[in-house]
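Before any comments, here is the structure.
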Amino acid sequence: MDLLPEGSRTAASTVKRWVEPSFIELSGGSFDPLFQSKADTKRPRKRKGATFNSPRLECGRGAQDESWVDRYSPQSLAELAVHKKKVEEVQTWMNAHRSKGGILILTGPSGSGKTATVRVLCQELGFKVQEWTNPSNVEPYSSWQTADWRIDGLSYTSQVTQFREFLLRAYKYSCLNMAGDGGAADSKLILVEDFPNQFYREPSSLHELLRRFVRVARCPLVFVVSESVSGDGSVRSLFPREIQEELHISCISFNPVAPTSMMKVLGSISAQEAVKSGGRTSVPVQAELEALCSGSAGDVRSAINSLQFFCLLGSSVNSGVSRTKKDRPAPGRRGGSRSNQKTKKTKPVKDQEEEQAIGGKDAALFLFRALGKILHCKRGGHEAVPSPALPPHLLHHFREDLLVEPEAVVERSHVSAEMFNLYLHQNYLDFFSEVEDVERASEYLSDADLLTADWTNRIIMRDYSSSVAVRGILHSHSHQVSVGFRPLHKPDWLRVSTKHRENCLTARHLFRDFCLPAACLQVELLPYLAKLTNPMRNHTQITFIQEVGQMPLRKHPSRLKLETLTDKETAPEEEDEKEDGGLEEGQDQTEEALTASQPKPTTSRALLEDEEVTIEEYSSD
Ligand SMILES: Nc1ncnc2c1ncn2[C@@H]1O[C@H](COP(=O)(O)OP(=O)(O)OP(=O)(O)O)[C@@H](O)[C@H]1O
């Protein structure tokens, strides 16, 4: 009997349409409320004792709607796509802290299998997992004692309070034995992946809780913190070094999943799916799996999702008819033609990583690799034909096809266009062998610089400037030269600009009586004071005058030693340019900053002792 009034029924069906299953279009079916309600009630099924080689689930419409990431979640150590040594490290820690408590932080990029490792190990070692998930909204909460607000007779509790209570209960009480959970586990492990937002604003509230936890708890606590390649520093802000040392927190860092392990996982899943669907799901060929693998940048979740999209997309396009290789969409060109597949095949797999796989991650590049891709200037095979063909008088501009998309490389390096130009400027010379090529490259760099010279349109011109610099350097190579390994260096400009800023602040502070802008102080007043026999200044001022007003070349007799850029280093944070004006008004505010940057008497003394700086007598003639 339908008890719903007409209006409510319409509303109910509207609500259902909002929660249409994600893969319904791909599975080729139209929207079916009956199917919908069944799918809704279905929980992600956990496989028991399954291996990669056995088909595990029946292939129905409901099964097709299930995410492959859930369906193929690893159930044993052998199935984990994580390096054995990392798993052993976590295992050793868990065994050592089984009944004595302790805190472990697992860091690493998203999808590197941190949570999967903890879950599998808990299963293997007999731990019961108690996991914290942030409540999605502030629920009315029944406990009046702990409530943070009381409105209209209802009490509300913040996430932090709920988290505190969760922790307290988790380490105080043992788990209940529930029917069907495979018997009581001996030990318990608390897993935290979500952090209440308040902890990011005020990490000290988390630290207080952890101090208490360490004092009383008898079970291990594991935090999973994902970090991006550009290093957003959640671990550093939530768990600073001092807290890690004080509470003896262990930290294990995961790497992105290795391509070989990823290929194994993808190969195994696609093979099982092909068997289950009776040939309706397409099996990607090796090159396609490799493209999916490289597009995922070591994120196993992303790779499996991409594989699912790739396979289901194919099967929906062909309405269940088994596809030939020719019909398949290329990973990276959804549904696109593969007429140019032959040309692509000639490229090494490594270089195809520029092509984004279906659902491929926005794979970030470390600065070191991004610079390498531009400076080593790899170009395509000889079969590439210039299109349109160049007239004879421009033939010397002919270059083979680039293997990289320059703008994409800069974007993926996660540094600003100007900073990337700086790094190129510092390093490009070592990669050229012809002086004419160097001349051309330096012209392009100057042009790029000029494009952003005017501050009014700098923001708009940034990307053009970067294109000119990067493409200019690539084009300036008249022929491909293999220079082998060359170390890369950080731009000396960074050191010089830091020094310049420090000098401006110090000059303003030490010679504030003159009420002059910093530039004027350094290029006019200080050189003049340096010439005076008796500048009538205190010791700190004299040291500064000698340093800034004299161009002490004798301090740097040889070429400056440059700082090497290591392969996983990120660019330093860029500071906003500070205007030189507003000296007097801004003086008070900068006072604090000055104390840090100005030469302190002790430093000056140390300087004098170390370098034997002599305060020379100058004659004014
Ligand atoms: N062989 C495998 N090894 C590891 N994970 C796998 C494997 N096969 C499927 N998966 C699934 O891939 C996902 C890996 O994500 P996991 O949550 O472990 O990553 P993570 O490093 O904790 O990152 P995040 O912080 O983003 O969750 C899990 O859903 C897991 O079930």
_Relative contact order of the stretch 367-476, please, whole-number percent, based on alpha carbon pairs below 8 angstrom and at least 6 residues apart._
31 percent
*Calculate, in nm to one decimal, what GLU202 and LYS531 gain on full extension: separation in residues at 0.36 nm each, minus their alpha carbon distance.*
113.1 nm
_Fully extended contour minus Cα-Cα distance, from VAL438 to ASP513, at 0.36 nm per residue_ = 22.2 nm
_At 0.890 mPa s and 25 °C, Stokes D of the stretch 73-127 from Kirkwood alpha-carbon radius, µm² per second_ = 212 µm²/s
*What do the square roots of 5 times the Cα gyration tensor eigenvalues come to for the stretch 367-476, in whole Å, largest first, as semi-axes of the equivalent ellipsoid?*
24, 16, 15
*Nitroxide proxy distance, nm - points 7 Å out along Cα→Cβ at LYS264 and LEU168*: 4.6 nm
_As an exercise, use a Förster radius of 30 Å and the Cβ-Cβ distance of ARG211 and SER110 to find the FRET efficiency, rounded to the nearest 0.05._
0.55
*Which of LYS85/LYS128; LYS85/LYS490; LYS84/LYS490; LYS85/LYS378; LYS128/LYS264 have a Cα-Cα distance over 25 Å?*
LYS85/LYS490; LYS84/LYS490; LYS85/LYS378; LYS128/LYS264
*asked:* What distance in nm separates the two pseudo spin-label positions at VAL481 and GLU124, each 7 Å out from Cα along the beta-carbon direction?
replied: 5.2 nm
*Once you put a point 7 Å from the Cα of LEU429 and another 7 Å from the Cα of GLN550, both along the Cβ direction, what distance in nm separates them?*
2.8 nm
*First measure r as the distance between the Cβ atoms of THR564 and ASP463, then evaluate 1/(1 + (r/R0)^6) with R0 = 22 Å and state the FRET efficiency to the nearest 0.05.*
0.15
*Can you give the extra length, in nm with one decimal, that the chain gains between ASP194 and LEU395 once fully stretched, where that is 0.36 nm per residue apart less the Cα-Cα distance?*
66.4 nm
*asked:* Taking R0 as 35 Å, what FRET efficiency do you get between ARG236 and SER99 from their Cβ-Cβ distance, rounded to the nearest 0.05?
replied: 0.70
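Quick note: the coordinates plus some simple rules give every number you see, no bench work behind them. What you are looking at is a predicted structure, and each value in this text was computed from that prediction instead of being measured. Reconstructed Cβ throughout: ideal geometry from the backbone, glycine too, with neighbour counts over all protein chains shown.
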